[in-house]
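Q: Please read through the structure below; I'll follow up with questions.
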Amino acid sequence: MANIMELKEYDKVVRRFVTDYVNNLTPDQMRDMIIEQSHNDLENIRRDTGQIDVFEEMAGWDSEVAESVFKDFNITIEDYYE
C-alpha cells in the first residue's frame, strides 16, 4: 500500500492523535496502558536477549522497586554471572 502523505506531515497527524487520545484518558486507563506496554517491552527484551537482561532493565528503571521484587522472588542477579 502506498503512502498518502509525506512522512513529516504524517508524523504531525499521528502525534496530534496520540496527544488528543492520551489527554482524554482517565488515570486508570493510562495506568493500564503503561502496565501493558511496559510488560510488552520487557517481554521483547526477554525474547531477544534473555531473562537476565530483563532483570537488569528492571533495575535500570527503578532499582529500589526491582530489589524489592527480586527479594520477594529470591532472585539474585549476581548468581547468574560467572
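Q: Which one is farthest from the chain's Cα centre (by Cα), of the residues in the stretch 59-75 that are assigned to a loop (DSSP other than H, G, I, E, B) and surrounded by 11 or more Cβ atoms within 10 Å (Cβ to Cβ)? Show your work before the answer.
A: Just the residues of the stretch 59-75 that are assigned to a loop (DSSP other than H, G, I, E, B), to begin with: 62, 73-75.
With the extra rule that they be surrounded by 11 or more Cβ atoms within 10 Å (Cβ to Cβ), the set shrinks to 62, 75.
Working: 62: 13, 75: 21 Å.
Here the answer is 75.
Q: Anything in the stretch 31-58 that is surrounded by fewer than 11 Cβ atoms within 10 Å (Cβ to Cβ) and either among the polar types (S, T, N, Q) or over 9 Å from the mean Cα position of the chain (by Cα) (or both)? List them, or say none. Spell out the reasoning first.
A: Taking the stretch 31-58 first, the residues surrounded by fewer than 11 Cβ atoms within 10 Å (Cβ to Cβ) are 34-37, 39-40, 47-48.
37, 40, 47, 48 - these are the residues of the stretch 31-58 that are surrounded by fewer than 11 Cβ atoms within 10 Å (Cβ to Cβ) and either among the polar types (S, T, N, Q) or over 9 Å from the mean Cα position of the chain (by Cα) (or both).
Q: Oh, and also: When you look at residue 77, is it of a type in the set (A, V, I, L, M, F, W, C), touching a Phe, Trp or Tyr at 6+ places or on another chain (Cβ under 6 Å) and at pLDDT below 95, yes or no?
A: On the way: of a type in the set (A, V, I, L, M, F, W, C): yes; touching a Phe, Trp or Tyr at 6+ places or on another chain (Cβ under 6 Å): yes; at pLDDT below 95: yes.
Yes.
The values are calculated or read from the model by the stated rules, or taken from the named source; none is laboratory data. Only a predicted model underlies this, so the values are computations on that prediction, with no experimental measurement involved. No Cβ is skipped: glycine too gets one built from the backbone with ideal geometry, and neighbour counts run over all protein chains shown.
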